Amino acid sequence: MKNKCSVLFLSVMLVALFAFAAFAQLPAGISRGDTLIADQLTGRVGTPSNFNLWSGWRWQDRGLQQLAIEPLWTVDYATGEIIPGLASEMPIYNPDFTQMTIKLREGIYWSDGVPITADDVVFTIDLHVRTPGLLYHGPMAEFVNKVYKTDDHTVVVELKGPNSRFHTHFLDRWGCLRIMPKHIFEKVEDPLAFEFNPPVSSGPYVLYDYDPAGFWTLWERREDWERTPTGMLYGEPKPKYVFFRAFETEESKILAQVRHELDMAQHTPEGLRAVLEKSDTVRAWRKEWPWVVNIDPCITGVMFNNMVKPYDNREVRWALVLAINIVDYMAIAFDLMAPVSPIHLPPVPAYREAFFEPLEGWLKEFELDLGNGEKFKPYDPEVPFKIAQAAKERGFPVPEDPEVIKELFGIGWWKYAPDVAEKLLKKNGFSRGEDGKWRLPDGSLWKIQVFSATNPAHHNFRNAVAVAEQWKKFGIEASMSPTEAFDSLVLNGEFEVSTQWPAAEPWGAGVDLSRTLEPWHSRLLTPIGQPVTLGPGGGARWSNPELDKIIEEMGMTDPFADVETTIALGIEALKILVREMPTIPTYGYCGAVAWDEYYWTNYPGAENPYTQPYQHWPNFKYMLPFLEKAKK
């Protein structure tokens, strides 16, 4: 492993040296010791002068969502909390969920000195109802009947029908309807064309400068930071400046961090290993192997198009699950460093106690009907220990504690049972030729083209490589097909198998699974050729009458007041998903995060996860008051 990292680092030095030099310096007059430098996940900004994130994609992780704009509420999946920001408390619904009341925090101000009040909230919702083209026009026009204030800090939204999840449109989880400054936008003739430059901030930082070419954006701490939700909740953000930079290559990013010119970065696994080997001041989220963030509220895996034969058959889908050796799969996909999940949820702290642990007994007893009275229990609770053993054989320092192993590698997955997969396929008319290749029921060769995105570091690319290899080993002519049209193909159903997320990402806090389940409601089932509302989960084009009833019952359940019912409904929904397996969950999303402690310390590592660890999430502003300057 060291030799591999050394070779990588040498290539880094040679390839990146000259390309990197142009971006090595901060703007004139900015002290490096007062500045936190972070890489921008989404890369170079395509619209550098435009900060209007209400009218379209504006590379919001350039600091807009993390520093400048405070939402009403924010999810923190590391702590399992929902944090009221501009709001002073959680939303208040009437008994039949046809009315929602928002209570605002008092004493908060826009960065130009104007108070943030109920007028801003009413204006934001009303403008979205009236303005097609704004990102949240659809749900606001669909659900809002009337919006008004009862005082300067109370807003009432009357809905067109019962909706206990209406507040989630304002709940920031890498995107939501954020509140607009009325005094700015009410003077704008066209809110879609307006660039909102410079942006007026409700968060603890204001725009200082940006690169017209889109490579960097610099923010400065507000002098009145205490008049923001961040300041009120957590205190003064420590860095005076925050500098977001886009890197065009992994090599230049590695070199920047080794030179102490980049404090926070998200690398490929190979890049993370190179940085850790070459720098004595860089640390990962975990200080020990497997280093990576493994609590991200996103499940990765494989998606079937359930409107295309033979993937409309649950037994065929299950056969393909049982044809996967998950230990070998994980070695290919993420170097044995990610936690597997047998259910359509990521194994993050918020869900382990509520869903994974209660379901484990049921999973052990779950059976498949192989025909002729033969049953098979596919769940394997020994999978995390098998992965641990494989990691040991690779020379990784695997802990011995069984509970730590389950935390690192998941509670279990499905058995590798190619013989059972063969029985299920033959039961459904498939056959294997003398060449060992599988034939479809019509006698033609079974070919599977697995579509993915083109970035080799992306989890959907890695899943595609792994699953194609596993199915090929089983006798299917499988191949992976990276394409720049990946998202549009999935949205329009123009695929058979892809590695789009197998389920929509849950909130990551609380126990409400509505965000994961909603895309599978039959009212959203969309014919091939027409785009689905949400690619993750929804791109599978699958629905189930039992699941419809659960989703509808969730809509009439208060997820805050009736936690027990919310959990019970979630568990029953997850059982349906296991039985039907419309998509295959494989492992939780992992981030190869690296932090240089040369200038700043007290990052939220695994030993002290006081908040989520990424610089691109909106919660980043809540991390900054806890950072400390390094002692030289």
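Rule-based calculations on the coordinates, nothing more; no lab input. A quick note: this is a predicted structure, and the numbers were derived from the prediction, not measured. Heads up, the Cβs are rebuilt from the backbone with ideal geometry, glycines too, and the neighbour counts pull from every protein chain shown.
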Less than 13 Å Cβ to Cβ from residue 302, Lys/Arg counted +1 and Asp/Glu -1: what total charge do the surrounding residues give?
0
May I ask for the net charge around residue 400, where only other residues with Cβ less than 14 Å from the Cβ of residue 400 are counted and Lys, Arg are +1 while Asp, Glu are -1?
-2
Using a Förster distance of 41 angstrom, determine the FRET efficiency expected from the C-beta separation of residue 190 and residue 549, and round it to 0.05.
0.40
Give me the angle, in degrees from 0 to 90, between the Cα long axis of helix 418-427 and the longest principal axis of the Cα atoms of the chain, rounded to the nearest 10.
80 degrees
At 222 nm, what helix-only mean residue ellipticity would the chain give, in deg cm²/dmol to the nearest 500, using -39500 (n - 2.57) for each DSSP H run of four or more?
-8500 deg cm²/dmol
Within segment 70-195, what is the number of lysine pairs with alpha carbons under 22 Å apart, leaving out pairs fewer than eight places apart on the same chain?
9
Any aspartates and glutamates whose Cα falls less than 20 Å from that of residue 375, other than same-chain ones fewer than 8 residues away, would be 315, 360, 365, 367, 419, 422, 580
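Just to confirm the filter: which GluC sites (Glu not before Pro) across segment 482-554 are DSSP coil and have at most 11 other Cβ within 10 angstrom of their Cβ?
484
Out of the DSSP beta bridges found with both residues in the chain, what percent are antiparallel (nearest 5)?
Numbers: 54 of 71 bridges.
Counting DSSP beta bridges with both partners in the chain, the antiparallel share is about 75 percent.
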Using alpha carbon centroids, what distance separates segment 239-278 and segment 482-505, in Å?
30 Å
Compute the distance in nm between two label points, each set 7 Å from the Cα along the Cα-to-Cβ direction, one at residue 437 and one at residue 150.
7.0 nm
Any of 278/406; 426/473; 238/278 with alpha carbons more than 24 Å apart? Name them for me.
278/406; 238/278
So for segment 70-195: antiparallel DSSP bridges make up what percent, rounded to the nearest 5?
85 percent
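For the chain, just say rounded, prolate or oblate: build the C-alpha gyration tensor, square-root its eigenvalues into a ≥ b ≥ c, call rounded for a/c under 1.5, and beyond that prolate if a/b exceeds b/c, oblate if not. Walk me through the numbers on the way to the answer.
On the way: a/c = 1.83, a/b = 1.26, b/c = 1.45.
Here the chain falls in the oblate category.
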